[in-house]
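Trainee: Supplied in structure tokens, the structure appears directly below.
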Amino acid sequence: MATLAEYQKQQDVFSFWPRHNEAVRERLESKDAWLETVRGTQRTRDEDVLEHEMTLNIGPQHPATHGVLRCVVKLDGERIEKCVLDIGYLHRGIEKLAESKTYQEFMPYTDRMDYLAPYANNVAWCMAVEKLANIEVPERAQWIRMIMCELARISSHLLWLGVGLMDAGAVSVFLWTFQGREDLYTIFDEISGARFTVSHSRIGGLATDLTPQAVAMIENFVSRYEDIVQGWRKLLNRNRIWIERNRNVGTVTADEAIALGLTGPNLRGSGVPYDVRRFEPYLKYNDVDFVIPLRDEGDCLARYHVRMEEMLESLKIIRQCLYRLPEGPIRTDDAKKAYPSKDEVYYSMEGMIHDFMYTETGVTPPRGASAYHAIESPKGELGFYLESDGTGNPWRARINAPSFTNLQGLESMMEGHPVADIVVLIGSIDPVMGEADK
């Protein structure tokens, strides 16, 4: 497998950055004008649009758009001639909200971004703050974070698989995948006390340690789920309907994937071997053995294969984490950088004082400090950029959301395909609008 540096040297693919790509730039400039035309503000009274074309709105309330996503498509018969995405229906100003919260208070908001893998969002935020404030995290907490992030990756991919197959007409696998998600929710509940929006990671470590019961539940899940995933692959890889619905649909070359800003499985499905866990390692990913799943075809089927293989690799990573999990603290022992343990709060006056003070102001990175940290979330590169003014609130917070960047490629993917392929194409990109709209 070629390294990213070798890939860059051979093909110089990063010269296709969207802002400098003429075709992409012209497309972005024409989007608003065309949407205005669709709304009718620029049509002349004597123009009979329906004589030449049909314009449809798919969404934002359509169940196949995986959220409040509006796809405006111009059709020639059943073939899509032009597609423009209209997003923002779930916009909550989450970046601006971060500036009015302490660093720890903002944690629950990250759960509501990619709500299919909230633990990954928690870890990305914590690591960005820890980088900004120069906070060291104990080794045990890092290994546990890895375990939980990989469980979140599997949970996210299970929903992608089940919903994608249901969109294509296969209901049975949807029920099977949600049984797997139920197993994972039970594990999350045991560890964090919450099934869905966990908020378990903390700046400087974790809220609680793994109990023996939680470890046993994870081991049980990992021991039996590889056979389950392989059974699904055996079923789907020979299913003619599934193969025909995905093969040669939404094909994106490596150059196009980089020009459009694709990330995660969508990028690796086009043959670009980039994974943040490998090329910019964080936590303990440098200490575990795993393979970056890669496909060269660049179509919906390739993206399916990449995600299926990623689930198997996640199981492999979790096994290694459980085997190498060290003993020790789960949170940094510094009252200025992390919450004290509940034992300290309940049975020590100093611990209670520190808890109150940390809740009021939280961690205070140096004035003028800035940091960007990214992780490989189930959707791709999820990064937080933070700037500090020396107080307990970030002066600026910006989110590099993979669902937002991946949606940039969806418009060109749709063009030239039948309207029936829309649901398959949206599912293959796997967007979450809570993350895309931020």
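Trainee: So which residues in the stretch 359-369 are open to solvent by 60 Å² or more (accessible area, probe 1.4 Å) and on the phi > 0 side of the Ramachandran plot, if there are any at all?
Mentor: Passing the criteria: only GLY368.
Trainee: Cβ-Cβ below 7 Å, separation at least six or inter-chain, first residue in the stretch 205-221 and aliphatic (A, V, I, L, M), second part of a strand (DSSP E or B): which pairs?
Mentor: LEU206/ARG331
Trainee: Let me ask another. Being of a type in the set (A, V, I, L, M), under 26 Å from GLY383 (Cβ atoms) and touching a strand residue (DSSP E or B) at 6+ places or on another chain (Cβ under 8 Å) is true for just one of VAL198, VAL129. Which residue is that? Show your work before the answer.
Mentor: Working: VAL198 fails: touching a strand residue (DSSP E or B) at 6+ places or on another chain (Cβ under 8 Å).
Residue meeting the stated conditions: VAL129.
Trainee: With a cut-off of at least 1 residues that are aromatic (Phe, Trp, Tyr), name the helices (runs of 4 or more DSSP H) lying wholly within the stretch 162-267. Spell out how you get there, then give the answer.
Mentor: Working: elements: 172-192, 212-236, 240-246, 254-259.
Ranges flagged: 172-192, 212-236, 240-246.
Trainee: Identify the residue in the stretch 169-210 that is of a type in the set (Asp, Glu) and out of contact with any Phe, Trp or Tyr (no Cβ under 8 Å at 6 or more places or on another chain) and, among all such residues, is nearest to ILE135 (Cα to Cα).
Mentor: Our first condition is that a residue be of a type in the set (Asp, Glu); within the stretch 169-210, this holds for 182-183, 189-190, 209.
Applying the additional criterion that residues be out of contact with any Phe, Trp or Tyr (no Cβ under 8 Å at 6 or more places or on another chain) yields 182, 189-190, 209.
Values: GLU182: 34, ASP189: 28, GLU190: 27, ASP209: 19 Å.
Applying the filter and picking the extreme gives ASP209.
Trainee: Additional query: Only one residue in ALA168, ALA124 is at pLDDT 95 or above and either crowded, with 19+ Cβ neighbours inside 10 Å or of a type in the set (A, V, I, L, M, F, W, C) (or both). Which one? First the steps, then the outcome.
Mentor: On the way: ALA168 fails: at pLDDT 95 or above.
Being at pLDDT 95 or above and either crowded, with 19+ Cβ neighbours inside 10 Å or of a type in the set (A, V, I, L, M, F, W, C) (or both) holds for just one of ALA168, ALA124, which is ALA124.
Trainee: If we only count strands (runs of 3 or more DSSP E) wholly inside the stretch 370-438, which ones have 3 or more residues that are buried (at least 22 other Cβ atoms within 10 Å of the Cβ) and charged (D, E, K, R)? Talk me through it step by step, then tell me what you get.
Mentor: Working: elements: 370-377, 380-388, 394-400.
Result: empty, no element qualifies.
Trainee: For residues that are open to solvent by less than 50 Å² (accessible area, probe 1.4 Å) and touching a strand residue (DSSP E or B) at 6+ places or on another chain (Cβ under 9 Å), scanning just the stretch 330-349, find the one that is nearest to MET146 (Cα to Cα).
Mentor: Within the stretch 330-349, the match that is nearest to MET146 (Cα to Cα) is ILE330.
Trainee: With the requirement that a residue be more than 25 Å from GLU99 (Cα to Cα) and out of contact with any helix residue (DSSP H, G or I) (no Cβ under 7 Å at 6 or more places or on another chain), what does the stretch 114-153 give you?
Mentor: So in the stretch 114-153, the residues more than 25 Å from GLU99 (Cα to Cα) come out as 138-153.
Correct list: PRO138, GLU139, ARG140, ALA141, GLN142, ILE144.
One line per residue, one yes/no per condition, for (1) open to solvent by 30 Å² or more (accessible area, probe 1.4 Å); (2) farther than 24 Å from PRO402 by Cβ; (3) touching a strand residue (DSSP E or B) at 6+ places or on another chain (Cβ under 8 Å):
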residue: PRO138; (1), (2), (3): no, yes, yes
residue: TRP160; (1), (2), (3): no, no, no
residue: LEU184; (1), (2), (3): no, no, no
residue: GLY204; (1), (2), (3): no, yes, yes
residue: LEU210; (1), (2), (3): no, yes, no
residue: ILE218; (1), (2), (3): no, yes, no
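One line per residue, one yes/no per condition, for (1) outside any loop (DSSP other than H, G, I, E, B); (2) touching a helix residue (DSSP H, G or I) at 6+ places or on another chain (Cβ under 7 Å); (3) of a type in the set (Val, Ile, Thr):
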| position | (1), (2), (3) |
| --- | --- |
| TYR274 | no, yes, no |
| VAL291 | no, yes, yes |
| GLU297 | no, no, no |
| ARG319 | yes, yes, no |
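Trainee: Separate question: Those residues that are farther than 17 Å from PRO402 by Cα, open to solvent by 10 Å² or more (accessible area, probe 1.4 Å) and either among the aliphatic types (A, V, I, L, M) or at pLDDT 95 or above (or both), I need them from the stretch 87-121; list them, please.
Mentor: Matches in the stretch 87-121: LEU97 only.
Trainee: Note down all Cβ pairs under 8 Å where the first residue falls in the stretch 124-147 and is touching a residue at least 24 places away in the same chain (Cβ under 8 Å), the second is aromatic (Phe, Trp, Tyr) and assigned to a helix (DSSP H, G or I), and they're at least six residues apart or on different chains.
Mentor: MET146/TYR285
Conditions tested, residue by residue: (1) among the aliphatic types (A, V, I, L, M); (2) out of contact with any strand residue (DSSP E or B) (no Cβ under 8 Å at 6 or more places or on another chain); (3) surrounded by 15 or more Cβ atoms within 10 Å (Cβ to Cβ).
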{"residue": "ILE241", "(1), (2), (3)": "yes, yes, no"}
{"residue": "GLU244", "(1), (2), (3)": "no, yes, no"}
{"residue": "ARG247", "(1), (2), (3)": "no, yes, no"}
{"residue": "GLY261", "(1), (2), (3)": "no, yes, yes"}
{"residue": "ASP275", "(1), (2), (3)": "no, no, yes"}
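Trainee: Quick one: which of GLU310, GLU327 is surrounded by 22 or more Cβ atoms within 10 Å (Cβ to Cβ) and either free of Cβ contacts under 8 Å to residues at least 24 places away in the same chain or closer than 27 Å to ASN220 by Cα (or both)? Outline the logic, then answer.
Mentor: On the way: GLU327 fails: surrounded by 22 or more Cβ atoms within 10 Å (Cβ to Cβ).
Going through GLU310, GLU327 in turn, just one is surrounded by 22 or more Cβ atoms within 10 Å (Cβ to Cβ) and either free of Cβ contacts under 8 Å to residues at least 24 places away in the same chain or closer than 27 Å to ASN220 by Cα (or both): GLU310.
Trainee: Can I ask one more? Scan the stretch 189-200 and report the pairs whose first residue is on the phi > 0 side of the Ramachandran plot and among the small types (Gly, Ala, Ser) and whose second residue is part of a helix (DSSP H, G or I) and open to solvent by 50 Å² or more (accessible area, probe 1.4 Å), with Cβ atoms within less than 9 Å and a gap of 6+ or a chain change.
Mentor: Within 9 Å, the pairs are SER199/PRO108.
The values are calculated or read from the model by the stated rules, or taken from the named source; none is laboratory data. All values reported here derive from a predicted model rather than from experimental measurement. As a convention, Cβ positions derive from the backbone with ideal geometry for all residues, glycine included, and neighbour counts pool all protein chains shown. Quick note on the areas: whole protein, heavy atoms, side chains included, nothing else; ligands and nucleic acids left out. Shrake-Rupley method; radii C 1.70, N 1.55, O 1.52, S 1.80 Å.
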